[in-house]
Amino acid sequence: MENNIRPILSVEGLQAAIDGSQVVESVSFQVPATGITAVLGRNGVGKTSTLKALIGLITRTAGTIELDGERIEKLPTHKIIRRGVGYVPEDREVFSALSVAENLRLAERDDSPRRALVEQLFPDLVKRANQAAGSLSGGQQQMVSLARALLNENKLLLVDEPTKGLAPKIVQEVAEALAEAAKTVPILLVEQNLPVVRQLADGALVLSAGQVVHRTDSARQFLDDEALTQRYLGVQSEPAAHGNGHQMPAGGAR
Amino acid sequence: PTSDPAAAGDGDAASSVNIGIVYSKTGPLAAYGEAYYEGLQAGLDYATEGTGKVGDTELNITYHDDGGDPDKAVTVAKELIGKDYKILAGTASSGIALKLVEQAEQNKVLYISGPAATDSITGANKYTFRSGRQSMQDVATAGTFVDDLDGKKVTVFAQDNAFGQGNLAAVDALLGAQGAKVDSILVPEDVTEFTPFARQLVDGDPDLVFAAWAGTTSGSMWQALDQQGAFDVAPIVTGLGDIATYGAFGDAGEKISFLNHYFPGAAGTDAEKAMIDSIEAAGKEADLFSPDGFVAGQMIAHAVEEGGADVDSMVGALEGWSFEGPKGTTTVRASDHALIQNMYQVSLSKDGDKWIPELVETIDGEQVAPPEASK
Amino acid sequence: MSTLVLLLITGVGLGALYFLVASGLSLIYGLMGVLNFAHGAFLTLGAFVAWEFSRRFGEGSWSMFLLSLLIGAIVGGVFAALTEVVLIRPLYNRHIEQVLVTVGLSLAAVAIFEGVWGTDPQYPAGPAWLSGTTGILGAQIPNDRFVTIIIALLVLAGIVLFLKKTRYGMIIRAGVENRSMVTALGIDVRKAFTLVFTLGGAAAGLGGVLASHYFGYVSPALGGSLLIFAFIVTVIGGLGSLAGAAIASVVVGVLQQLANFYWGVGDFVVIVLLAVVLLSKPTGLMGKMA
Amino acid sequence: MNTQPTNTSEAMDTRPADAGTVSAPLEPGTETQTGQASQAGTASKLARRVRVAESGPRTARGQIGIWAAGIVGVIILALLPLLNISVPGLLPTPTYQPGALQLLSLCLFMAAAALSYHLLIGVAGLLSFGHALYFGAGSYGLAIILNTFGLPLLPSMGLALVAALLLSALTGMVALRVTGIPFAMVTLAFAQAGSVLVRRNPGGATGGEEGLSLNTAGVPDFLVGVANTRNLYWLALLTLIVVFALVSWVQAGRAGHVAAAVRENELRVRVLGLQPYRAKLLVFVVGGTLAALVGMVFLLLQSGTVPRQVSADFTITLLVMVVLGGVGSKWGAVLGGVIYTLLDQRLTTLSQSPALDALPPVLHVPLSEPLFILGTLFILVVLFMPGGLVGAIQRLRGRFSKKQA
Amino acid sequence: MSPTAPALELSGVSLQIGGARILEDVSFTVQPGEMIGVIGPNGAGKTTLFNLISGVLKATGGSIAMAGRTLDKLPIHKRAAAGLGRTFQTSSLFNGLDVMENVRLAAQAKLGGSLSVLAFPRRHDEASTIAAECLEQVGLSHRAKVRTADLSHGDKRKVEIAMLLAADPTVILVDEPMAGVGMGDVPSLVEIIRRMHRESGRTLMMVEHHMDVVLGLADRVAVMHNGTLLAIDSPEAIIANETVQSAYLGQGAA
Ligand SMILES: Nc1ncnc2c1ncn2[C@@H]1O[C@H](COP(=O)(O)OP(=O)(O)OP(=O)(O)O)[C@@H](O)[C@H]1O
Ligand SMILES: Nc1ncnc2c1ncn2[C@@H]1O[C@H](COP(=O)(O)OP(=O)(O)OP(=O)(O)O)[C@@H](O)[C@H]1O
Ligand SMILES: [Mg+2]
Ligand SMILES: [Mg+2]
């Protein structure tokens, strides 16, 4: 689905390093101005690192990044974010010593944060507003992390494994929330849960060893191609239903 | 000052003697170090008549900073002794001086300590002498402020550290022997709020107060004494420090009875004139510890003159030696190497921004001689 | 009786002085996790410059005294800001190294002060009233104690307001825990850190000027001598708790005063207090548990 | 909070459940759960980063190379007093003369002292501000025993060592009940108490400000006097070798391993069934006792003690040495100790060189203050040489071998 | 300690923090060799349950026994030494040590926790051999020398499992082992866990949100909700349970 609208994000030859060791080796891709683009790949291929490099959380050593037509590869992180990027990190990274309410207040960039949306999505957080975020359960922390990004109006959301550690019901809710959000803001989504990817993603890019090895406008097509998923994700056959299905995982029969 | 160690050591042994001066050029006692250094230059000049030689023997003097750190001083001392230095001199820090005393004894070199006041240098060993006064002499001078001590209550107001304890013991021994009832208020070291102790002093109603205080807290100590009205109760005696500390007494300055180690101009000897001239020529001012340096210069010159490079002969030459120093007649007591010297009573008065010391009385050295130290 | 009154009030005065030094330390340590060994240097510099200033432009009047307080605070703040930008910032997230550079700075700064002002103490003069006394219940209390107590209260109120009324407290607590995530929320965390450091330094500079009047001298060693008690007060009070530091200051001041006067063991008592508090409540008196 | 108090028999072992996690079922591993936890983690973070530098050349060949260099180094050091080597500026005299030997002995001692501190901070991640207490316990203990009992040197040393061991065990047992900055502060408090005690001069035992002199009556003649500086130098070298061997031994042993793991993640160690407290205590006591040993030999070298040896300043000096060399590395501690001591001792001379007088005051004033140079140097190392000297050497080597490849 | 004593027995276990009841009156028994899956919404108390069993937290009520021996008074390390092993929801590793050292510490603990300074780990001692084997099993041999801090998220999860293998406990608690593991690697991890359970007859409890995995492996499934044990039954029965469906799986589930 080629569209002629300018992509919201275009990345050319991006390289990045952590403590001097190269973890992103020349990555180029574009994120269309609408919909969800999935980033796929096995553990350790550099998905998280790519996301972090985009907003300058790890050192970018080469390449160009254009957000909405403007170059941002030289900007410090907070300036990139203020141009309208929401980031949901992989390890939740809530501020454990701060209360839930403080975590959320800290994230508010706009004059009119969308508190109602967040409260409706995660009522649990309202109940726990004064609890220290560090004492939340893993899933509750994930909600805080997501909520922080959804509070603001953004041009682009970068979301790293948002459904990890969430109960199936919440996974559904989060997926729906993302789908809802994607109506107004494009999302670059790292996700291991393939049923969720299938449900949400429009396009996809696949990483291997720090490089983009496959790009597609249709994530579904990719997932349906057994040879490709086997090659890049190591998955024999991707379960057709949502992750909550009751099928035995591959090799999981007893 | 020459400071080229390489020049030392070589050359004809008979025609030069190596002398190492270890003093604080930097560190907490740098100010004393400077006074000592200037005095020493003057003293050497005076004793060698500007030649730097006694007879044919060259005084090969090198200067070393101890930075107030005993480890550095010991390292330097060992280095020098290893390079065949026969004489060490200097330091205002009692802790460092005692380390050097130890080195002198172990290695049989002459050591003439500087302004360090601790009594334990006196009589420490055969090789150790001193060019300044010691605490006992201060205390004895304090005793001269009351005509008859018999039955009087003398309170020692001091810090509870080696210095304060030493002074208390000295007062007990010296003034107690003259019939005074000695008691004490020992303020723990590190205390910064002296008001209650000042109150305690006033409530004790003494006849004479001897304040032994060192360090930066003296300003607030005097202020507390003044605020609580201690000066209305009894004369308070303390040692007058170097010029830089005159301001520390604050408003109390004019009320304190000072004992004094050195009062410029009091002696009026040739040696003193030479010292003051020489120091002023260097753009400085004669200060409390200038004579310690000057006397050290005199003693070094005399030791070498009489003893050449032989340490035992130097010791022999110094023991019992009596000479005209910047404080008048000065004697090295043969038995324990105490330096018998005059002391002074002084008062301060304020002139605008400046404090001017005034001589009240010169106390004869024999009158305030320390009791003999047992070896 | 009057002795006890004297001990208590002067103890509180001493506590106020501790608090003035500890407040900046506690602010920086509590929020940023930096145990700032250079705090003493901020303090000393503030005191020295204020002394230089009033010496040159005439001392002894109230207006000069107040002006010198202001100057001390500004100098302390500027020095602290520079320290943060040049030394602390490049080492973010590396608390131990941050502590180490402040150790290095304190060594170097004291050496510089010695080079510039000499090792001898200098003696500042304030308004005459300051060195007088006021009688309370038969005890003659030195007047400068009252000034110290009042200014300590003002500083406490000021910092509490700053933390309550602005987002900075929150930003920094979050930033200490996970700095990059704060920037990833679009916040320039560096500015916040510099600001807090500056405030801490200003409190130190102010404390330095007051300390120089309290002790009656300024010397390069002034800051260092107060620092250890400021540390103790900060830790007893609890990480990041300004109220804790205030309470601990008064407790330590009074306790030290009593123990020193009656048994001569003030320092030991304070040390025992520190050990007991930490062993029974490692987070300190008012330290947050979660 | 009504979580049950810890049980009676093993109160210490259950402590973290109380101190760190009682109020919240925190997920361990998110290291910065509370302010306190973040403090506790800092020492380990420091040690951790240095590991990065180490992990490169830790190949078998690299190891052998290091050891070979070490052995050659020891042989050269042992021969120094017999050689006539001059290093102008660095050493005050040729190496066979007492001046140089005294300076070198001092370097070796400080290296040994730094090594004992390395055991705490580098291995177990324990940031102690009270290490000087044990060093002082050694030197003061031996001096007092020699003064009062008149025993010969070796039995006196044995006695002092036992006393220091008991002291470090006792204080360690208490201090290790807390971690992080509280631990640093409790150790500081103990050392401060020791320092105040020493300066108070109780019963005339410690000599107050002035310290004690070595009573040479019990000391064999070959260790007394400048003429025997060479023997003292060899003694210093021997001490360093012994301390190095013991530190290596403990570090490589089970206890060292567990201590290193505790440094990284204490809860995880417990969950594996190991006891952090014991491992830490063992390391603490060994570190303290070794410091006391060094302190004793130091007494012989300097013929006396001073209160500074018990002060927080001295501990900070050790910390500076370890950081200078590179936290987490034994060789770093040795290198840091030697270089710091050289600088500390020699900068005084340098700062008085007449060449400085010619400079304008802006340069002259700071440069003639040795502490200024030292402090600045230290800052520069921390800022620009993470991993200290050893880290820098390894980076250089890494670059070198990359070029070769 | 009779051989027939249950591997784990919880009776009336509760935890209150402040006013909040985190766990309330949880009782159940696990037979030796049994595998229990634990599911429940986020914040239900699953991790807390593990924390109480392993001693990381102290219960405020009730009692816990392992193989007939009460654990209530035992500190963490004694419980571990008695054969209880666990993993953490957020990977909890020795970050500054390398992967090999991490796993070897676990093996060391197993081989005897003596702290004698005389006991030296040799380069190729038993512990190292065991550790190498365990790394091989989770497929991380090639990363043995990498600091765990530098691992990607998924690889850290695998180290956790390897440590478990090396420590070789008899009763095992695993907290969300699959979270963040790429789909392609799930089957092999499932296989490892199955072997741990089946072949050596160990007792296992596993918290996991991947229903496929839970249902495929567990003999019985425990459902937690709001700090209480809602049900503990066979997988089939649990799936059929309507409360579970609505509270946990959500409408999207079959
Ligand atoms: N701090 C670090 N230092 C060095 N290397 C690192 C560091 N953090 C990550 N890496 C390496 O960078 C590579 C990419 O890691 P990244 O976290 O981006 O992977 P990922 O694709 O997100 O994996 P996962 O699915 O497991 O989260 C990995 O090989 C990892 O080991
Ligand atoms: N200090 C506290 N105060 C109040 N509530 C707390 C506290 N600590 C934990 N809780 C709550 O206890 C509940 C149980 O948490 P737990 O981590 O056991 O959940 P979980 O079932 O493992 O969830 P997840 O699947 O999300 O990991 C959570 O709701 C959490 O917020
Ligand atoms: Mg990732
Ligand atoms: Mg959980």
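Numerical summary
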quantity: Cβ-derived FRET efficiency at R0 30 Å, residue B:362 paired with residue B:282, nearest 0.05; calculated: 0.65
quantity: Calculated FRET value between residue D:249 and residue A:83, using beta carbons and R₀ = 60 Å, to 0.05; calculated: 0.55
quantity: On Cα atoms only, tilt of E:126-138 relative to the major axis of chain E in degrees; calculated: 50
quantity: 1.4 Å probe, heavy atoms, protein only - residues of the range B:235-272 losing at least 10 Å² accessible area vs chain alone; calculated: B:244, B:245, B:247, B:248, B:251
quantity: Mean Cβ count within 10 Å, highest first, over the residues of peptides D:159-169, E:73-83; calculated: E:73-83, D:159-169
quantity: Total accessible area lost when D and B pair, probe 1.4 Å, Å² to nearest 100; calculated: 2900
quantity: With Cα atoms, 0 to 90° folded angle of helix B:218-227 axis to chain B main axis; calculated: 20
quantity: Those GluC sites (Glu not before Pro) in the range B:302-371 that DSSP places in a loop and that have at most 11 other beta carbons within 10 Å; calculated: B:366
quantity: Loop-located GluC sites (Glu not before Pro) in the range B:45-100 whose Cβ has at most 11 other Cβ within 10 Å (DSSP); calculated: B:49
quantity: Binned Cα-Cα distances of the range A:9-233, short to long, each 5 Å bin given as a whole percent; calculated: 1, 7, 15, 19, 20, 17, 12, 7, 2, 0
quantity: The range B:223-281 and the range C:144-171: distance between their alpha carbon centers, rounded to Å; calculated: 43
quantity: Fraction of the pair-distance distribution of chain C above 30 Å, Cα-Cα pairs, percent; calculated: 30
quantity: Restraint check, A:52/E:145; B:53/B:83; A:164/E:156, Cα-Cα greater than 18 Å; calculated: A:52/E:145; B:53/B:83
quantity: Debye-sum result for chain B in log10 I(q)/I(0), which assumes one identical scatterer on each alpha carbon, at q = 0.07, 0.08, 0.09, 0.11 Å⁻¹; calculated: -0.30, -0.39, -0.50, -0.73
quantity: Binned Cα-Cα distances of the range C:151-290, short to long, each 5 Å bin given as a whole percent; calculated: 2, 9, 14, 18, 18, 17, 11, 6, 3, 1, 0, 0
quantity: Protein-protein interface of the range D:91-107, residues with accessible area decrease of at least 40 Å², isolated chain reference, 1.4 Å probe; calculated: D:102
quantity: Long-range Cα-Cα pairs in the range C:111-233 (distance over 23 Å), rounded percent; calculated: 51
quantity: Debye log10 I(q)/I(0) for the range E:35-86, one point scatterer per Cα, at q = 0.22, 0.25, 0.26 Å⁻¹; calculated: -0.86, -1.04, -1.10
quantity: Equivalent ellipsoid semi-axes - Cα gyration tensor, the protein assembly as shown, angstrom; calculated: 68, 35, 30
quantity: Nearby aspartates and glutamates by direct alpha-carbon distance to residue E:110 (threshold 13 angstrom, same-chain neighbours under 8 apart not counted); calculated: E:126, E:168
quantity: 10 Å binning of all Cα-Cα separations within the range A:93-147, expressed as whole percents from 0 upward; calculated: 27, 61, 13, 0
quantity: Residues in the range A:143-182 that, when all protein chains are in place, have 40 Å² or more less accessible area than the chain alone would give (probe 1.4 Å); calculated: A:164, A:165, A:167, A:168, A:169
quantity: Qualifying trypsin sites (Lys or Arg not before Pro) in the range A:85-114, DSSP loop, other Cβ atoms within 10 Å at most 16; calculated: A:114
quantity: Cα-based equivalent ellipsoid, chain E: semi-axes from gyration tensor eigenvalues, Å; calculated: 30, 22, 17
quantity: Accessible surface of the protein assembly as shown, 1.4 Å probe, proportion on carbon and sulfur as whole %; calculated: 57
quantity: Protein heavy-atom accessible area occluded, C/D pair - total, 1.4 Å probe, Å²; calculated: 4000
quantity: Distance between the range D:294-308 and the range A:100-147 - C-alpha centres, whole angstrom; calculated: 60
quantity: Relative contact order %, chain C, counting alpha carbon pairs below 8 Å whose residues are six or more apart; calculated: 37
quantity: Residue-averaged 222 nm ellipticity for chain C, from DSSP H runs of 4+ at -39500 (n - 2.57), nearest 500; calculated: -25000 deg cm²/dmol
quantity: Mean separation of Cα contacts under 8 Å (6+ apart) over length of the range C:125-237, as relative contact order %; calculated: 20
quantity: Cα-based convex hull, the range C:114-157, per residue volume (Å³, whole number); calculated: 122
quantity: Angstrom value of the Kirkwood radius, inverse mean 1/r, which spans all Cα pairs in the range C:173-248; calculated: 14.6
quantity: Cα-based helix-to-principal-axis angle, B:290-307 vs chain B, degrees rounded to 10; calculated: 30
quantity: Sites residue C:57 and residue C:269, calculated FRET efficiency, Cβ-Cβ separation with R0 45 Å, nearest 0.05; calculated: 0.60
quantity: Partners for residue E:73 among lysines (Cα-Cα distance below 20 Å; same-chain residues under 8 apart left out); calculated: E:58
quantity: Solvent-accessible area per residue, Å², over the protein assembly as shown with all protein chains present [probe radius 1.4 Å]; calculated: 35
quantity: Total accessible surface hidden between E and A, rounded to 100 Å², 1.4 Å probe; calculated: 3000
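The values are calculated or read from the model by the stated rules, or taken from the named source; none is laboratory data. Values in this document were obtained by computation on a predicted structure and should not be read as measured data. Quick reminder, even Gly has a Cβ in these numbers, built from the backbone with ideal geometry, and neighbours come from all protein chains shown. Ligands, DNA and RNA are stripped out before the accessible areas are found, and what is left, the full protein with its side chains, is counted by its heavy atoms. Shrake-Rupley method; radii C 1.70, N 1.55, O 1.52, S 1.80 Å.
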